[in-house]
Amino acid sequence: MTSSSVSRAHVLDGTPPTTASDNWRDRLRLFGYAGGPRTDTRERLAAPFPEPTRSHRAAQAMSWLGPVLVALFAGALRFWHLGSPRNLVFDETYYAKDAWSLLRLGYEGTWPDRKIADPQILADPQVIPLSDTGAFVAHPPMGKWVMALGEWGFGLTPFGWRFMTAVLGTLSVLMLCRTGRRLFRSTALGCLAGALMAVDGLHHVMSRTALLDLVVMFFVLAAFGSLLIDRDHARARLAAALPVGEDGRARPDALTGDRAGTGLRPWRLAAGLFLGLAAATKWNGLYFLAFFMVLTLLWDVGARRVAGARRPYLAVLRKDLGRSVLSVLPVAAVTYLMTWTGWFLSDNGYARHWADGRGGTWSWIPAPLRSLWHYEYGVYQFNVGLHSFHKYESNPWSWLVLGRPVLFDYESVPAGRDGCGATADCSQAILALGTPLLWWSACGALLYLLYRWALRRDWRAGAVLCAVGAGYLPWFLYQDRTIFSFYAVVFVPYLCLAVAMMLGALLGPRGASEKRRMWGAVPAGALVLLIAWNFIYLFPVYTGQTIPYADWYARMWFDTWI
């Protein structure tokens, strides 16, 4: 049949003719390409969730039931023997005591040296040697207020000071499942991302330890999810504002793209709140504030371009920039200050009255705020000037490949004691190490996402890369400072999203042939099973279980892990 007869045949049956570009596009779809022309601009602005193959009610139930089941699995792992070991692990000696001080005084008081205070806290009967003299501390109070909730309920005990990080670690898995579902428009891929984080060793260890970085991760993930919801709602309003043609389809419209408003955006206010809480836990939350602000403005530019704006950047400058800044930055700033309420209301907090009676250029600013600025400047100088050697410090270049994990706790157990067999000595270790096969897979996934973002303009890949960059790249500015690989827990959720997106592409798009699905499912399923096995194998060194020394040493795959 000639090309002209093919065209006539398509005219007769009412279907558009198949072109060479259509055939090429169909081939690309086998490898995850989801592009192609759409006739209705509303679908491009507000992509709907795929129609479920089962009943709508069952699909709606699974959209929540799946994430909840994954979170319950993660919670069972994180709460299992949470009070063990019964000591202050690594930097818990600072944060657990500061949390108790906030609960009792409203600010961080003074404790004796850890060699004196820690045994008294763990003794029976317990002695709490807290003084009401304000102490200089290196981080804002929000994360310690979070830990104080657990201590309020369960006392100054290992279970008490770890309780809230375990809660947030569990909830973060639930949030990641729902965030992944919204990002990929797939409940299965969302639950896969959450399940991967549930079996990540670093996230597991940090969820069972009273340190600040897991709290930062939780608030940042909440902000990321809020901004995704805001993106969907804003684009849906633009889509609804587009004029509809006689054929019932909407097409780009310059007037709508340039001038249509997106209404109230409460989810940006929520993002500002969560980003303020992240920064009030640890200052690296400020980098996420900056990165996410740029990301959301670029999302607005893209939305207005699709809607038909002739000058999308100018349209965003006129219609979106002011609202975005006012709905995020002031909320974050006020939230940050509110976390210092206990210090503001105190008389003995460190440097609380430093500015009282002082004049100078800035005397028009209320004295409590100037005192806080003085305090925070001292904290900044301390943090950037921290260069003391630590055995487990590492350069950020090595983080993604797990070059130097941090040993949080290690005990040598003599044979015949504390569950150790009678023939050889044993070890109890807690190693802050990501599940190796997951992290090494994530390295490849990030390269795939770079391709998707740079060459295919996939906004989902750009969003994940932005979040990873916000949590990772700033640490390269402080390579001479004493820093640790467990800081990377803040971007673990986005590594899991990256791996889930890569595996989704390997499985193939909706509508792919059964053969294509099979060829994708076998390697994807094998990788997921290997990651799960890797976590199970290393589980004893994530949880401080008593195992023979030879078994512990066998799990130290590299000399740098010891």
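Per-residue ellipticity at 222 nm, computed for the chain from helices alone with -39500 (n - 2.57) per DSSP H run of at least four residues, works out to -19500 deg cm²/dmol. If one computes P(r) from the Cα atoms of the stretch 295-444, what percent of pairs lie at distances over 26 Å? Of all Cα-Cα pairs in the stretch 295-444, 67 percent lie more than 26 Å apart.
If you bin all the Cα-Cα distances of the stretch 76-130 at 10 Å, starting from zero, the percentages per bin are 22, 50, 24, 4. Cross-link reach is defined here as a Cα-Cα straight distance under 13 Å, omitting same-chain residues fewer than 8 places apart; for K319 the aspartates and glutamates meeting it are D258, D300. Of the three principal axes defined by the Cα atoms of the stretch 412-562, the extents in descending order read 60, 46, 20 Å.
Listed by chain and number, the aspartates and glutamates whose alpha-carbon sits under 20 Å from that of K515, ignoring those within fewer than 8 places in the same chain, are D26. For the stretch 65-96, chymotrypsin sites (Phe, Trp or Tyr not before Pro) are listed when DSSP marks them as loop and at most 16 other Cβ atoms sit within 10 Å of their Cβ; the list is W80. The relative contact order of the chain, computed from alpha carbon pairs under 8 Å that lie at least 6 residues apart in sequence, is 17 percent.
Partnerless cysteines in the chain, where a partner means another cysteine C-beta under 4.7 angstrom, comprise C177, C191, C443, C466, C496.
Local charge for P523 was computed over the other residues whose Cβ lies under 15 Å away, with Lys and Arg +1 and Asp and Glu -1, and equals +3. Rounded to the nearest 0.05, what FRET efficiency do A333 and R249 have when you use their Cβ-Cβ distance and R0 = 51 Å? The formula returns an efficiency of 0.70 here.
Relative contact order of the stretch 424-562, taken over Cα pairs closer than 8 Å and 6 or more residues apart, is 44 percent. Other residues whose C-beta falls under 13 angstrom from the C-beta of Y537 contribute a net charge of 0, scoring Lys and Arg +1 and Asp and Glu -1.
Each other residue within a Cβ distance under 14 Å of H387 adds +1 if Lys or Arg and -1 if Asp or Glu, for a net charge of -1.
Cα centroid separation, the stretch 371-429 to the stretch 280-306: 32 Å. When the pairs K97/K282; K115/K282; K115/K391 are compared against a 23 Å limit on Cα-Cα distance, K115/K282 fall above it.
Of W161, W100, the residue with the largest accessible area leads and the full order is W100, W161 (1.4 Å probe).
Full extension of the segment from Y380 to L314, taken as 0.36 nm per residue of separation minus the current Cα-Cα distance, would add 20.1 nm.
Which shape class, rounded, prolate or oblate, goes with the stretch 185-281 when its Cα gyration tensor gives a ≥ b ≥ c as root eigenvalues, a/c under 1.5 marks rounded, and past that a/b bigger than b/c marks prolate? In terms of gyration-tensor shape, oblate. Solvent-accessible area of the stretch 362-459 (1.4 angstrom probe, protein heavy atoms only): carbon and sulfur portion equals 64 percent. Shown here is the pair-distance distribution of the chain: with all Cα-Cα distances grouped in 10 Å bins from zero up to the longest one, the shares run 3, 15, 25, 24, 17, 9, 4, 2, 1, 0 percent.
The values are calculated or read from the model by the stated rules, or taken from the named source; none is laboratory data. As the structure is a prediction and not an experimental result, all values here were calculated from the model. Positions of Cβ are generated from backbone atoms using ideal geometry, with glycine treated the same way; all protein chains shown enter the neighbour counts. We work out accessible area using only protein heavy atoms, side chains counted, and drop any ligands, DNA or RNA first. Shrake-Rupley method; radii C 1.70, N 1.55, O 1.52, S 1.80 Å.
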